[in-house]
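A short write-up of the structure that comes next.
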Amino acid sequence: MMKPKVAIVGAGISGLVCAYELQKAGWDVEVFESNDYVGGRMATRWKKGFAFDIGADFFVRLYQKTRRYCEDLGIAFEPMLPGSYQTFKGGLLYPLRLDSLSSLLRYKQVSFMGRVRLLWFFLRARRMAHDMDFFDLSGIPGCLDEDDAYSIAVACMGKDVADYLVDGFTSTYQFHRASEISVGAMLALTALMSQDPDGFARYHSVGEMAAIPNALARHLMVHAGARVDAVMPSNGVVDIVVKGRSLRFDAVVIATTADVASRIIKSRSFSKFLAQVRYAPTVSLAFRVSHNALAGLASVTVPYVESSIIASYSNGAIKGQVVDRGAIVSVWLHESYVVKASRLSDKVLYAVVEEELRRVCPGLLDEKIVPHDLQRWAAAMPKFYAGYLTKVKEFLDRYQGEQNMYLCGDYLNSPWIEGSIRCGERVARQVASAVKKGGAQ
Ligand SMILES: Cc1cc2nc3c(=O)[nH]c(=O)nc-3n(C[C@H](O)[C@H](O)[C@H](O)COP(=O)(O)OP(=O)(O)OC[C@H]3O[C@@H](n4cnc5c(N)ncnc54)[C@H](O)[C@@H]3O)c2cc1C
């Protein structure tokens, strides 16, 4: 019997995991990737001996699936070197360490009343959301998907907690403001953090973030530099158009970002859903500094009320990579600035960000800073805005798998690397079970 054939469009982490699992389940799998490298938003660029993780920069200890793939693929999943986590406020850095719930009471960047209300909120979130899964947000009840996290944070914990902690956190990890994330998503995240305060300790795949995608790709047939221009279902099969050629498959998994998926898929129900996906853009920049410039520092959140340009920065030295006594500092920009600055040349952008970096990073005030690399992301992070979690769930329940086409990726209520991996696995199971039921012939 011929093996069923599936095409995976996009070799980001979700597409590669889906391909890997389907291949293990006995499918004949081909992956089509428009770039000449794999990994998508989880890729690493090497320059002058430095590794710059151009997209995803770290895992956390709680990423169980990520850890399992590392183990299976023989990649070290290890904690980064110790370093402090801080928030910038009024020229100073304040600790943001969460070793225990009582450490919230030491967050001097917010008022004492704010800290007490924050602790109360954490305890409540832990009770309310103990069975919610941040990496699969489709399980969140619709009533928690009606409000945005910022307004609920202001109402429950006051404006300083909302601005410095909730908005600061969202801008650091999502690049957009907390007014654009559903309170349900924020609650699930808070519950996750409150169950295991140290679960957010930073981990990495030693050497480079691209290690997992590169290792998965070695097991698969990946066509790099092969952009898919159209995905067209017809009579139980699906045709894809690549470099002017039409290729036929039993099923197709579209694991690109939603904006690309909506351009290439010819299906009204898919297009209607995809039009509702929104992304925050960002720019990731790397600067070279001396090895000791940021000694002891891991990462700093810069809330929007303190800088409308820089959302956060990290010390690359905690990944253990120090070359010629230098280290990389990675910087990510707030969405609103990226939109305003979209026409600026790289040279101007480096200069603006360097000046702002000296202002928000006291350790770099008089240091030599050398521009190293820059990556613009038009669709960096999907926005899990109020109402969106429910829209995804409806799409998945009604249309996923229609005409043997499947969507896959973090924007399907599956945030970050861990969510993307889980989404890839979930879609592989759906494709495989549709075949068993005779859905794809
Ligand atoms: C700057 C930044 C920092 C981040 N930091 C972290 C972090 O520290 N930790 C974390 O867990 N997550 C982080 N994330 C999020 C994480 O990177 C993503 O959630 C995850 O990588 C998404 O994977 P994906 O497979 O869904 O999509 P993608 O990685 O976007 O994969 C889609 C793939 O499709 C390809 N493609 C596009 N068009 C076509 C076409 N027409 N034909 C064929 N292929 C096509 C793309 O080139 C890409 O390879 C970060 C993201 C960004 C942008």
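Side notes on the structure shown:
- Conditions (1) more than 15 Å from V206 (Cβ to Cβ); (2) loosely packed, with under 15 Cβ neighbours inside 10 Å; (3) within 16 Å of the ligand (Cβ to nearest atom): number failed by K47: (3)
- Selection of the stretch 403-429 for residues being out of contact with any helix residue (DSSP H, G or I) (no Cβ under 6 Å at 6 or more places or on another chain) and either assigned by TED's automatic domain parsing to the domain that holds D133 or more than 11 Å from the ligand (Cβ to nearest atom) (or both) yields Q403, N404, M405, R426, R429.
- Hits in the stretch 368-387 (condition: out of contact with any Phe, Trp or Tyr (no Cβ under 9 Å at 6 or more places or on another chain) and not in a loop (DSSP other than H, G, I, E, B)): R376
- Among the candidates A341, A351, the residue that is within 15 Å of L364 (Cα to Cα), surrounded by fewer than 23 Cβ atoms within 10 Å (Cβ to Cβ) and without any contact (Cβ under 8 Å) to a residue 60 or more places away in the chain is uniquely A351.
- Flag if L344 is touching a strand residue (DSSP E or B) at 6+ places or on another chain (Cβ under 8 Å) and modelled with pLDDT of 95 or more: no
- Spans of strands (runs of 3 or more DSSP E) in the stretch 74-164 with at least 2 residues within 20 Å of G199 (Cα to Cα): 77-79, 84-89
- Scope the stretch 372-384; condition crowded, with 20+ Cβ neighbours inside 10 Å and not charged (D, E, K, R); matching residues: H372, W377, A380, M381, P382, F384
Here's the yes/no breakdown for (1) modelled with pLDDT of 95 or more; (2) crowded, with 21+ Cβ neighbours inside 10 Å; (3) of a type in the set (V, I, T):
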site	(1), (2), (3)
V31	yes, yes, yes
G39	yes, yes, no
R61	no, no, no
R67	yes, no, no
C70	yes, yes, no
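The values are calculated or read from the model by the stated rules, or taken from the named source; none is laboratory data. Treat the numbers as computed from the prediction; the structure is a model and nothing was measured. For neighbour counting, all protein chains shown are included, and Cβ atoms are generated from backbone atoms with ideal geometry for every residue, glycine included.
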